[in-house]
Every structure is written in structure tokens, then in C-alpha cells.
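Down below is the structure, laid out as C-alpha cells.
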Amino acid sequence: MGLVPTDEADYEKIIQLRRSIYQNANLISLGIEQQYYLTGHVTLGYFGEIQSDLDRDRMVTILSNFNDRWLESEPQFLKVDRVQLHKFNDMTRYWREPDWPIVEL
């Protein structure tokens, strides 16, 4: 589900958090580079084993419709209180190591 800042001040807060993460010397030394396109999001769930008969097109349609309705209702999130570093290679396998950073806001 996408997050859309409601004004420039909210967007600037997101950008500052992003800069503080990517300008961290420890991340830079690992070769982690900032990607210049940013899409804030909330992960609604993770999939375990995916059944071979899953209708992927229908799943995408259902989730896209849900997201569109959510954005149209202009929901307000009061506070993001935690940011975690996760790694993924193909958007289906996320993981994190116990010593990877967590930022409590």
C-alpha cells in the first residue's frame, strides 16, 4: 500500500530520514547506494509458500483495487514509529539479519 505525503513538510521529513540512513558510513562501506526513486509503503503481509495454482493476475487486481480505494479515502497515519532495514532480491523474498539497523522514531 503506498504512502502519499499530504504536504511538503511531510515529504521533507521522509527525505531527511532517507538521507540519514543512506549517508550512514557503515552502509556506505557495505556498498549500499541510495536509489533515487522513493516510494514509501506499508507492507500488508508476507507470503510463505506460493501455491502453483495461484491466480496471480486476480491477486494483483484485488490488491490494486484495495490500494486505490484506501488512497481515495485519504486516510491519515498519525505516526511512523519504526523503520527497519530488510533485503530483497525479487520482491518475494524479504529478510533481515539480527544486527541490521532499526530506527525507532
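The values are calculated or read from the model by the stated rules, or taken from the named source; none is laboratory data. Worth saying up front: this structure is predicted, and the values here are computed from it rather than measured. Quick reminder, even Gly has a Cβ in these numbers, built from the backbone with ideal geometry, and neighbours come from all protein chains shown.
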Worksheet item: Here are some conditions: (1) assigned to a loop (DSSP other than H, G, I, E, B); (2) at pLDDT 80 or above. LEU38 meets all but one. Which one does it not meet?
Response: (2)
Fill in: Subset of the range 86-105 [assigned to a loop (DSSP other than H, G, I, E, B) and among the acidic types (Asp, Glu)]
ASP90, GLU97, ASP99
Practice prompt. Please name all residue pairs, on different chains or six or more residues apart, with Cβ atoms under 7 Å, provided the first residue is in the range 49-77 and is at pLDDT below 90 and the second residue is of a type outside the set (Asp, Glu).
Written response: ASN67/MET1; ASN67/GLY2; TRP70/MET1; LEU71/GLY2; LEU71/VAL4
Worksheet item: Which of the residues spanning the range 78-94 are modelled with pLDDT of 75 or more and at positive phi?
Response: none
